[in-house]
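Have a look at the structure below before the remarks.
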Amino acid sequence: MTARRISAGGARPIPFTFDGKSFSGIQGDTIASALLANGVRVVGRSFKYHRPRGIVGSGAEEPNAVVDVTLAGKTTPNVRATTEPLADGMAVRSVNAAPTAEADRAGFLDRFAAFIPAGFYYKTFLWPDWHLFEPRIRAMAGLGRLDPAHQPPADSPSINLRCDVLVVGAGAAGLAAARSAARAGGRVMLVDDQDAPGGSLGHRPAVIDGMPGGVWAEAVVTELRAAGHTVLSRATAFGLYDHGLVAVWQRRTGLPDALWQVRAKRIVVAAGAIERPLVFPDNDRPGVMSAEAALVYLRRHGVLAGERIVVATNNDKAYAVAVALHEAGAQVTVADTRPRGTLALRDGVEVIHQATIDGVSGARGVSSVTVSGRPIEADCVLTSGGFTPTVHLFCQAKGRLRFDEAIAGFIPGDPVAGMAVAGAANGAFAVSQVLAQGHAAGGGAGEPPRATTPDDTCAVAAAWPAPRGKARQWIDFQNDVAVKDVALAARENFRSVEHLKRYTTLGMATDQGKTSNMNGLAAMAAITGRTIAETGTTTYRPPFVPVPFTVVAGRRRGEFFNPVKRLALENQHRADGAVFREYGGWLRPGWYGTGQPATEIAREARQARATVGILDGSPLGKIEVIGPQAGAVVDYNSYQTLSTLKPGRIRYGFMLTESGVIYDDGVVSKLSDDHYVVSCSSGHVGGVVLRLEEWRQDRFDRSQVFVHNSTPQWATLTATGPRSRDLVAMLGLGVDLSDDALPHMSFADGSFAGGPARVSRVSFTGDRSYEIAVPTGTAKALHLAMMEAGRTLDAVLLGSEALLLLRAEKGYIIAGKDTDGTTMPHDLGIAGPRDKRAGEFVGKRSLFTENALRDDRQQGVGLTVAEGEPPLPTGAHAVETRGGARRSIGFVTSSYQSPVLGRPVALALIERGLSRLGETLDFVHLGTTRRATIAPVCAFDPEGARING
Amino acid sequence: MQLFPCPFCGPRDETEFQFATEAGKTRPEPAAEVSAERWTKYLYLKDNPKGPTREVWLHVTCGEFFLMERDTVSHAVAGSQALGGDPR
C-alpha cells in the first residue's frame, strides 16, 4: 500500500494527468497532494544520476517534485508540485525523465554513480574541449522543457506600495505582529506564500484567544482588511534589495501574477522554519518524506502518507505527527535518535530509542526500513532532523546569524535596523513564545494574543550527517549530493562552504538547498573537525524561490520594452502608404509605397532631385537656450563659435565630448542675442539637452540662462528640391522667399493657420530646401496644404531612406554612423576652430593631445568603384598588406546606389584618407574582396550650385 | 533599488538618476597651459574610494545636478544638496 486519500470532505473532483496517465484530485489540492492521494510515488528523476524520487516536502522547499504543467495548451516548465494548485484538465509531466518518471530510460546512469562523483565534469571533460561534450551532457541532466509555442503575454503588473510595517509570513507570529502594528495606527502590509493565512496553525492545532487557531487567523485577517490594511495570500516576499526594497511575487486567481515593490519603514520577518531531513543510507527512496509535510497532507488535504509508517526523528515535534497518523489509521513506529524521549505516546505506537536508520529498501518506493539492525516493513519513512529558521530576508539585509545549540540551527544574531524577526524564523517554536515575539515585533500595541493550549515541547538533539559505510546518504536530493561528495570536497580542499557549494553543486538550482544546506555544512564541519558556527553558511541571495521572468519583466516587454517616439503626423503618413522604421528612437516613414523598397527609395530620391520632395523632419531637435548668457552657453558647447551670428541666421557646427570626439552635428539658429535654437540630430536630443544643462549649471550663472527642449511641441515639414520655393510660396506663410530676403542658412518667422510658422533655409540634401516648423496642432493642416500645393509641382513624399541616400551623395555625415568614438572635427577636414578659436570650449584640450595630432588618423572620405559594379557593403574593411600581414586601415560607413548619378556612392573612415585621394584600396567583407578608390566626400554637385538652384 | 534624495524632488528610485562625476573636480584651463597628464587625470582618473564618497549626480527626471554623499560599501546615503545655491 501507499499514500491514499482518507477524507475528501465532499470537495469537487478535478481530473488531471501525470506522465500521460489519468488521475483525479479534489478542489483544494496542490499537484503534490493529488499525486500522493493517487498513490503516485515516483514523481521525478534526480538531476545527475536519474534516481527515482518522490515528494519530500509540502511547500517552497520541495527538492524533487518539480514538474512541467500544460494547461489550456500552454506549458509552464519547472513548477513546484507542492505549491501549484491543481486545476481542471492539467497535464503534468515529470522533468529530467523520458518517457516517464516511473520508467526513465536514463535510469541506468545510477549504476555508474561510483565513476561520476562530485567534480567529475571538471576533471574529465577538460580535454580537448568541454564544448564537445556539453550538448550531450546537457541533454542528460536538466529540468523542464521550454515550450516555444508558449510566449506569455506581457501582462504582469508591477505595483509600488509604501507602508509603515511590512510583515512577511501570516503564521501565528506574523498575524500577531500585523495586528499589533495595525493597532498602533500604522499602515500595514501582510504577505504570505500559502493559500490561506495561518501558517502551521492550519495543521498543528492551538487555541488562541479562546478560538481554534485557524478561526483566530481568519479573525485577525478580517480585522486587518476591515481597517484598510493590505493582506496578500499566495504572495512570496522573494528578495530584499538596496535600501530596504522588498519584492513580492503574488499569484492571483483569474488574473496575471503581480510584482509588488514594497518600501516599509519597518519589516517583520515571520517566515517560519523548514524541516530538514535526517540523513541515512538510501534516504532518497520515494516514500521518504518530511514528517511535518506528512502532517500538512493529512490535516489540509485528507491524505495519509502511508499505511505502515516509520517516523525517524531527533526531536519532540515529530511526535505529534506520529500521533496524528496513528489516529488516522496508520501503523506507526517512532525511531528516535535520542536515548530517551520526552513525550508519552499513545498505545499502539512503538518507540525505538537511540535508533539508527541503517538503510531503506525499495528502489521505486519504500518497502522496508532497517532501524538499529532490525528490519521493519514500511511503505513510508518520515524524517525530522529539526527545523531550520527561514532567515533569508534577514541575511539579505546583511544580518549576521548565530548558531543556537538549543534548536540546532542558525538564528538571527544582532538585530538589523528597521527589521525584526519573530517566531520560528527566530528559533521560537512554542506557540505562546511565537505569539509573544510576533506581538513585540509588531510594536506591542494592544492586548497580546494568548494561547490557551499548552505548548508543544520542541526539544531537539542534533543529529548531523557523518560518513558511514559504503551506502550513499543523500544530503541534496535535487543535485544528487551525498555525504561522500562532501567528504571528497573536503579531501580536495574545497572546505569553505562557498567552495563546497560550487564544487559539489550542493544547495544550487531551484530549491537553493532549503532542505540540504544545513546538513551539508554540518557534514563539512564534522569532516573537517570544525564547529558548525566556524564552518558558517553560504551567502543568502534573492530570489527565495524561482520567480518567472514574466513577473520580473512585467509590462516592459515587446513594444513597451523601449517605446518608440511617434510623429504627430503618423496617421497621415500611414494614409499616404508609408512603411515605418525606427530611426534614432523615432518611428518614421522609411519609404512610401508597396513596391520593392529599393525601387520606391530610388523613385523618391530621383523625383526629389527633379522637382520637390516633402519630408517630415519633426524629430530634429529644437532646443531653446534663453537668457543673457545664452550665447556663452551655446558657444562653450560648440566647436564653432555661434554667438557671432547675426539674428535671423543659422550656422552648422559640431558638439564635442570632452575627449574631443564628435558627439553630434546640427544647426543653431540665432533669434536674438539672448535666444538661440539648437537643432541637433533627432536621436541626440535628450543627450544634447543634458550637455547644455550640465554646463549651464556647472559653469554659468544659472539664473541668467535657461535650456528648454521644445522638440515635442513643434512639427517640422521640409520641402526640398528645385521647386521647393514654388511649393512654399503657395502656402501663404507671409514670408519673403526671395534669396536676398531669405538666403541659405537663414530663417524668417511667418504664420500658418493663425499660428506661428518658422521657415528655415537649411539643407540636408544639397538642394534648395525650406524647413517649416509649426505647432503640432497645425501640423496636419500644413501637411495637407503642402500635399495640395505639391500636386501641381509633381512633388514626391520623401521617406528617411531616400533622405539618407541624398545626403550621402553630398557627403553630409550622420554623427555616430559616419563618425565613430574616435572621430574629431579635423578628421573630417574641419580644423579652423581648433587652430584659430580663442577661449575655452568643450573638448578643446583633447584636440591637441599626442593622439589627436597623429598623422595616421582615420579620416572621412568618399569612395568610388569601377563602372558597372554594385555598391560596397557598409562595414567592409579597407585592408593593407605589409610584410605579409594584413590589417584594417578603415571601413565603409555609408553606401548607396545613387539613382541620379547612376553609380554607387560611399563614405568611409580611412587611415590618412584625406591625403590618399585617388588611391585604390582593397575592401574585404565576409570573405569577398572589392576594390574602391578614395574620392572627395561630395559626389554630387560639388560646386553647391543647387543650394540656390 | 536604492533611494536617492534629489534636493528638488525628494527621495526617488535610483533608476531616475545618472552619475555625473566625483565631487570637487575642477576643469583645468586654459587648454594651452594644461599638461597632457593633468588633462588625462581630469578626464579619466577617479579616486573610486571604498567607503564614504562625495559625488555629483544628475536627477534626469528634473534635470538638476546635485551633490550627494554616500557610502560605496554600505550604500547608505548621508545626504544631498543643490549645487551653487539653495533649492528653488
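The values are calculated or read from the model by the stated rules, or taken from the named source; none is laboratory data. Computed from a prediction, not measured in an experiment: that's the story for all the values here. Methodologically, a virtual Cβ is constructed for each residue, glycine included, from the backbone with ideal geometry; neighbour enumeration extends over all protein chains shown.
If you go through region A:806-848, how many residues are small (Gly, Ala, Ser) and part of a helix (DSSP H, G or I)?
Of the residues in region A:806-848, 3 are small (Gly, Ala, Ser) and part of a helix (DSSP H, G or I).
Give me the pairs: first residue in region A:682-706 and without any contact (Cβ under 8 Å) to a residue 12 or more places away in the chain, second residue among the aromatic types (Phe, Trp, Tyr), beta-carbon distance under 7 Å, and six or more apart or on different chains, which are they?
Short answer, once both residue conditions are applied: A:Glu694/B:Phe65; A:Gln697/B:Phe65; A:Asp698/B:Phe65.
If a residue has to be under 45 Å from the mean Cα position of the chain (by Cα) and within 12 Å of chain B (Cβ to nearest Cβ) to count, how many in region A:828-852 make the cut?
13
Residues checked against (1) within 51 Å of the chain's Cα centre (by Cα); (2) free of Cβ contacts under 8 Å to residues at least 60 places away in the same chain; (3) surrounded by 15 or more Cβ atoms within 10 Å (Cβ to Cβ):
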position: A:Thr337; (1), (2), (3): yes, no, yes
position: A:Gln354; (1), (2), (3): yes, yes, no
position: A:Ile357; (1), (2), (3): yes, no, yes
position: A:Glu377; (1), (2), (3): yes, no, no
position: A:Leu382; (1), (2), (3): yes, no, yes
position: A:Phe394; (1), (2), (3): yes, no, yes
position: A:Ala397; (1), (2), (3): yes, no, yes
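Given A:Leu255, A:Leu245, A:Leu259, which one is without any contact (Cβ under 8 Å) to a residue 12 or more places away in the chain, in the same structural domain as A:Ala417 (by TED's automatic domain parsing) and surrounded by fewer than 24 Cβ atoms within 10 Å (Cβ to Cβ)?
After applying the criteria, what remains is A:Leu255.
May I ask you to list the residues in region B:37-56 that are within 12 Å of chain A (Cβ to nearest Cβ) and in contact with a strand residue (DSSP E or B) (Cβ under 9 Å, 6 or more places away or on another chain)?
Once the filter is applied, which keeps residues that are within 12 Å of chain A (Cβ to nearest Cβ) and in contact with a strand residue (DSSP E or B) (Cβ under 9 Å, 6 or more places away or on another chain), region B:37-56 yields only B:Val56.
Residues of region A:667-691 being surrounded by 19 or more Cβ atoms within 10 Å (Cβ to Cβ) and at the interface with chain B (Cβ under 10 Å from one of its Cβ atoms), which ones?
Within region A:667-691, A:Val689 is the sole residue that qualifies.
So A:Gly660 ticks every box in (1) within 12 Å of chain B (Cβ to nearest Cβ); (2) free of Cβ contacts under 8 Å to residues at least 40 places away in the same chain; (3) among the small types (Gly, Ala, Ser); (4) under 22 Å from A:Ala831 (Cα atoms) but one. Which box is left unticked?
Going through the list (1) within 12 Å of chain B (Cβ to nearest Cβ); (2) free of Cβ contacts under 8 Å to residues at least 40 places away in the same chain; (3) among the small types (Gly, Ala, Ser); (4) under 22 Å from A:Ala831 (Cα atoms), A:Gly660 breaks only (2).
Quick check on this structure: which one of A:Pro647, A:Pro628 is in contact (Cβ under 8 Å) with a residue 40 or more places away in the chain, away from chain B (no Cβ under 14 Å) and of a type outside the set (Ser, Thr, Tyr)?
A:Pro628
A:Trp474 fails exactly one of the following numbered conditions: (1) modelled with pLDDT of 95 or more; (2) in contact with a Lys or Arg (Cβ under 8 Å, 6 or more places away or on another chain). What is the number of that condition?
In the conditions (1) modelled with pLDDT of 95 or more; (2) in contact with a Lys or Arg (Cβ under 8 Å, 6 or more places away or on another chain), A:Trp474 misses (2) alone.
For the subset of region A:551-608 comprising residues that are part of a helix (DSSP H, G or I), exposed (fewer than 14 other Cβ atoms within 10 Å of the Cβ) and not small (Gly, Ala, Ser), which member is modelled with the lowest pLDDT? I'd like the intermediate steps shown before the answer.
At the first step, the residues of region A:551-608 found to be part of a helix (DSSP H, G or I) are A:551-553, A:558-560, A:570-575, A:597-608.
With the extra rule that they be exposed (fewer than 14 other Cβ atoms within 10 Å of the Cβ), the set shrinks to A:558-560, A:571, A:574-575, A:598-599.
Still in the running and not small (Gly, Ala, Ser): A:559-560, A:571, A:574, A:599.
On the way: A:Glu559: 86, A:Phe560: 90, A:Asn571: 97, A:Arg574: 98, A:Thr599: 97.
Among them, the one singled out is A:Glu559.
Can you confirm whether region A:799-813 contains a residue that is more than 41 Å from the chain's Cα centre (by Cα), buried (at least 20 other Cβ atoms within 10 Å of the Cβ), of a type in the set (Ser, Thr, Tyr) and within 30 Å of A:Thr864 (Cβ to Cβ)?
No, region A:799-813 contains no residue that is more than 41 Å from the chain's Cα centre (by Cα), buried (at least 20 other Cβ atoms within 10 Å of the Cβ), of a type in the set (Ser, Thr, Tyr) and within 30 Å of A:Thr864 (Cβ to Cβ).
If you take the residues of region A:163-217 that are among the β-branched types (Val, Ile, Thr) and outside any helix (DSSP H, G or I), which of them is farthest from A:His301 (Cα to Cα)?
Within region A:163-217, the match that is farthest from A:His301 (Cα to Cα) is A:Val165.
Select from region A:144-178 the residues that are in contact with a Leu (Cβ under 8 Å, 6 or more places away or on another chain) and more than 20 Å from A:Val248 (Cβ to Cβ) and list them in ascending order.
Within region A:144-178, A:Ala172, A:Ala176 qualify.
Could you tell me whether A:Gly213 is out of contact with any strand residue (DSSP E or B) (no Cβ under 8 Å at 6 or more places or on another chain), of a type in the set (Gly, Ala, Ser), over 18 Å from A:Ala420 (Cα atoms) and buried (at least 16 other Cβ atoms within 10 Å of the Cβ)?
Numbers: out of contact with any strand residue (DSSP E or B) (no Cβ under 8 Å at 6 or more places or on another chain): no; of a type in the set (Gly, Ala, Ser): yes; over 18 Å from A:Ala420 (Cα atoms): yes; buried (at least 16 other Cβ atoms within 10 Å of the Cβ): yes.
No, not satisfied.
Being part of a strand (DSSP E or B) and under 16 Å from the mean Cα position of the chain (by Cα) is the filter; apply it to region B:13-50 and report the residue that is surrounded by the fewest Cβ atoms within 10 Å (Cβ to Cβ).
The qualifying residue surrounded by the fewest Cβ atoms within 10 Å (Cβ to Cβ) is B:Phe19.
Of the conditions (1) more than 12 Å from chain A (Cβ to nearest Cβ); (2) out of contact with any His (no Cβ under 8 Å at 6 or more places or on another chain), B:Thr21 clears all except one; give me its number.
(1)
I'm trying to understand the selection: among the residues of region A:780-798, which are surrounded by 22 or more Cβ atoms within 10 Å (Cβ to Cβ) and within 18 Å of A:Thr711 (Cα to Cα)?
Hit for region A:780-798 is A:Leu782, nothing else.
Residue by residue through region A:692-727, note down the ones that are more than 10 Å from chain B (Cβ to nearest Cβ), part of a loop (DSSP other than H, G, I, E, B) and not hydrophobic (A, V, I, L, M, F, W, C).
Matches in region A:692-727: A:Gln704, A:Ser710, A:Gly721, A:Pro722, A:Arg723.
Please work out which one of (1) modelled with pLDDT of 95 or more; (2) in a loop (DSSP other than H, G, I, E, B); (3) not acidic (Asp, Glu) is the condition A:Thr388 fails and give its number.
Going through the list (1) modelled with pLDDT of 95 or more; (2) in a loop (DSSP other than H, G, I, E, B); (3) not acidic (Asp, Glu), A:Thr388 breaks only (2).
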